[in-house]
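The values are calculated or read from the model by the stated rules, or taken from the named source; none is laboratory data. These figures come from a predicted structure and were not determined experimentally. Cβ placement follows ideal geometry from the backbone for every residue including glycine, while neighbour counts extend to all protein chains displayed.
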Amino acid sequence: MTAENSHINFSSEQGFTLFELLVSVAILSLLAVPIAGGINLGLKTWIDVHEDAEAQEKMFLTQERLSSWISNAYYLDVSRNGLQSEKMLVGNSDSIEFSTAIHPDPVLGNLYRTKFRLADNTLQLAFLPDFSYRADGTEWSWSTMLEGVESFQVNYALGIDAANNIVWLSEWGNTIETNSLPQAVKLNLQFVDTTKAWPELIIPLVVQEQAFCRLLSDRTCLAGAFVG
């Protein structure tokens, strides 16, 4: 074998042609479409599930807070102010106001006047220290509990009728018959998004203690009641 023939000849090997490259790119493009679609679908599903779980958690947390605050509405001494009788709980079909010792930042032994209402498709909460809400020009500071609420319906249990059915009223606190606390409060919400469902919430009132006031020498109350 001569030295000339011992060298390997690479000149006969060829690379991909332009046509082959174009075909390869086209095949990869066709494969990329369903893969990208699958990734996007999976990501969207994860986001939807996460948002639904977050909305459910917020709704149940709202129910828990409503149940805790309303169930602990206090049986007030309606004459504790000395000059003006108080309403223990007052409300209509879409708002409710009462005094309670449960508060996001409670001060031991103090009561807070609390309100819930529906405004601008949001369930809103406001609270003030007990007695301060009676001051002239007092402004309530409202915060949002739930968004996207279409309707907020409140009913008040007066008692049991002869047929052993609960008597539900749409208003409370404006008659002698409703001058105390209801036996229970029922809350129903409907959302703008009809796929969301609010389980009917019936809250029995459990506090039996009476809230009096601390009297000064002239029989007026100090700012802030105590529970007795």
State the number of residues belonging to the stretch 113-157 that are surrounded by 17 or more Cβ atoms within 10 Å (Cβ to Cβ), modelled with pLDDT of 90 or more and of a type in the set (D, E, K, R). 2
Can you work out which of the residues in the stretch 158-180 that are in contact (Cβ under 8 Å) with a residue 60 or more places away in the chain and surrounded by fewer than 14 Cβ atoms within 10 Å (Cβ to Cβ) is farthest from SER95 (Cα to Cα)? ASN174
In the stretch 135-161, anything assigned to a strand (DSSP E or B) and hydrophobic (A, V, I, L, M, F, W, C) is listed as MET145, LEU146, VAL149, PHE152, VAL154, ALA157, LEU158, ILE160
Considering only the stretch 180-202, state which residues are in a loop (DSSP other than H, G, I, E, B), of a type in the set (S, T, N, Q) and under 17 Å from the mean Cα position of the chain (by Cα). THR194, THR195
Of the candidates GLY137, GLY173, GLY148, the one satisfying the condition of being more than 19 Å from the chain's Cα centre (by Cα), closer than 23 Å to SER67 by Cα and of a type outside the set (A, V, I, L, M) is GLY173
Is it the case that the stretch 71-79 has a residue that's at pLDDT 75 or above and part of a helix (DSSP H, G or I)? yes
What pairs come up if the first residue lies in the stretch 115-130 and is over 15 Å from GLU150 (Cα atoms), the second is among the charged types (D, E, K, R) and surrounded by fewer than 19 Cβ atoms within 10 Å (Cβ to Cβ), and their beta carbons are under 6 Å apart, counting only those six or more places apart or on different chains? ALA126/LYS115
Of all residues in the stretch 94-112, how many are at pLDDT 80 or above, part of a loop (DSSP other than H, G, I, E, B) and crowded, with 16+ Cβ neighbours inside 10 Å? 0
Looking at the stretch 31-43, is at least one residue modelled with pLDDT of 75 or more, closer than 30 Å to THR195 by Cβ and in contact with a strand residue (DSSP E or B) (Cβ under 6 Å, 6 or more places away or on another chain)? no
